[in-house]
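Everything below concerns the one structure shown next.
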Amino acid sequence: MKKFFYVSLYTVLIFLISDFFFGKIILDYLYKNEIILSDEKRKIRLEEIQKQEKKYRIKNKIYHHTLKEDIKTQSNWGGKQYLTCTDKFGFRNFCDKIDNQNQNIILIGDSFTEGIGLEYKNTFSGMFSKKMDLRVMNMGVSSYSPVIYKNKIKYFLDNYNFKINHVIVFLDMSDIIDEAFYYIDCNNKVCDRIIKENIPQNNFKEEKIKFPLLEFIKVSLKNIKRKIKPKVYIYRKDFARSNWTFVEETQNIKIGIQNSILHMNNLYEYLNKKKISLSIAVYPYPGQLLFDKANSKQVKIWKDFCKNKCKYFINYFPSFFDETKNSNAKKIIDKYYIKNDVHFNFEGNKKIFEKLNNLEFQ
């Protein structure tokens with residue numbers, strides 16, 4: 001036992017001495033030959049992915065942002081790649097183009113309706129589009145909210161000869177936050193609510209690491225631990241994008257709710273004048289299944305709004321909450337949502353489609 005202690009002690013001392021004098025040289029060699037990936041290389045790869053996304057996720061002067069027209073490109077979400085194709089209007093579609101000029105139903109929402117993270121055929125929008133004798137136009141794009149829904153629909157119906165008889169808006173849990181903090185209607189176009197200014201950067205001095213190899217091992221072990229048991233902040237009770245339905249209501253949340261209702265009411269009035277029906281759909285985030293109830297504040301707000309205004313109020317909360325009666329919420333989340341994500345996986349999208357499929361939109 002004593003011999004083992006001394007051998008271990010000498011081994012550690014030799015490692016630390018070698019690390020102190022030669023650790024940086026060893027790491028630089030490993031990085032240079034790409035035996036291991038440096039933090040800088042990881043950062044470069046992440047920036048490349050972000051640049052690729054920005055090539056087709058573009059700004060729009062009327063409705064803030066959209067997808068580029070007529071694209072077929074690799075998208076990346078959560079480290080997984082999938083194809084994104086759009087038609088001549090920048091609406092996500094199947095990669096074998098369909099003429100949208102004669103389509104009569106609009107779907108709009110945010111990333112859930114766009115179908116982020118999945119091939120289009122595996123999204124509820126794609127499944128709905130394939131329904132026999134039903135022509136669908138998907139205007140959904142990531143990070144949309146009611147002010148954008150309103151302005152985008154008005155723009156296309158005012159400027160193109162679309163023969164639309166029905167609009168289905170998928171209202172996301174995060175829409176209230178976007179309306180409170182990020183978007184504002186300014187003269188029939190969408191502007192950023194928060195003016196982005198140059199924020200002073202902290203001038204921290206970069207400390208010289210005395211034991212580079214030891215630091216690398218510590219960071220690597222931490223990363224391995226996170227992969228095995230990741231810190232999934234989106235499932236926490238304080239996840240602000242969805243927790244507004246079950247925490248104390250702040251003034252900002254009140255503003256977000258008021259703005260959302262205002263823009264949706266404006267959209268309803270606009271569509272009503274054109275004799276176009278409106279339906280609203282609501283669905284839970286994982287946070288709702290963990291901490292909220294089926295009769296959520298999100299449900300109450302839009303159910304009340306839909307009285308005498310909507311053809312259908314499509315409430316998906318019971319569809320998911322009913323399953324928690326026979327199984328715990330975490331198992332239901334694993335079944336219907338992308339792992340460590342708020343978005344639906346294929347099974348979740350199929351569940352959304354099945355309810356749509358049972359409704360009459362002709």
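Here are some notes:
- Segment 166-184, residues that are closer than 12 Å to Ile253 by Cα and of a type in the set (D, E, K, R): Asp175, Asp178, Glu179
- Of all residues in segment 347-358, those that are β-branched (Val, Ile, Thr) have Cβ atoms under 7 Å from Cβ atoms of residues that are outside any helix (DSSP H, G or I) and surrounded by 16 or more Cβ atoms within 10 Å (Cβ to Cβ), 6 or more apart or on another chain, in Ile352/Tyr283; Ile352/Tyr316; Ile352/Phe344.
- Boolean, Ala329 is over 27 Å from Cys186 (Cα atoms), modelled with pLDDT under 95 and surrounded by 14 or more Cβ atoms within 10 Å (Cβ to Cβ): yes
- Among the residues making up segment 318-349, those that are in contact with a strand residue (DSSP E or B) (Cβ under 7 Å, 6 or more places away or on another chain) and of a type in the set (Phe, Trp, Tyr) are Tyr336, Tyr337, Phe344.
- Positions within segment 144-165 being touching a helix residue (DSSP H, G or I) at 6+ places or on another chain (Cβ under 7 Å) and assigned to a helix (DSSP H, G or I), in sequence order: Pro146, Val147, Tyr149, Lys150, Ile153, Lys154
- Of the listed requirements (1) over 15 Å from the mean Cα position of the chain (by Cα); (2) buried (at least 16 other Cβ atoms within 10 Å of the Cβ), Gly348 misses just one: (1).
- Strands (runs of 3 or more DSSP E) lying entirely in segment 60-143 (those with 2 or more residues that are closer than 18 Å to Ile168 by Cα and modelled with pLDDT of 90 or more): 105-108, 136-138
- Restricting segment 248-304 to residues that are in a loop (DSSP other than H, G, I, E, B) and within 23 Å of the chain's Cα centre (by Cα), the residue that is nearest to His343 (Cα to Cα): Tyr285
- Residues that are in a helix (DSSP H, G or I), at pLDDT below 75 and not basic (Lys, Arg), drawn from segment 217-247: Ile217, Val219, Ser220, Leu221, Asn223, Ile224, Ile228, Tyr233
- Taken over segment 305-346, residues that are part of a helix (DSSP H, G or I) and either among the polar types (S, T, N, Q) or without any contact (Cβ under 8 Å) to a residue 60 or more places away in the chain (or both) amount to 18.
- Members of segment 319-362 found to be basic (Lys, Arg) and over 28 Å from Asn165 (Cα atoms), listed by number: Lys325, Lys330, Lys331, Lys335, Lys339
The values are calculated or read from the model by the stated rules, or taken from the named source; none is laboratory data. The shown structure was predicted, so the numbers you read here are calculated from the model rather than taken from an experiment. Cβ coordinates were reconstructed from backbone atoms using ideal geometry, including for glycine residues, and neighbour counts include every protein chain displayed.
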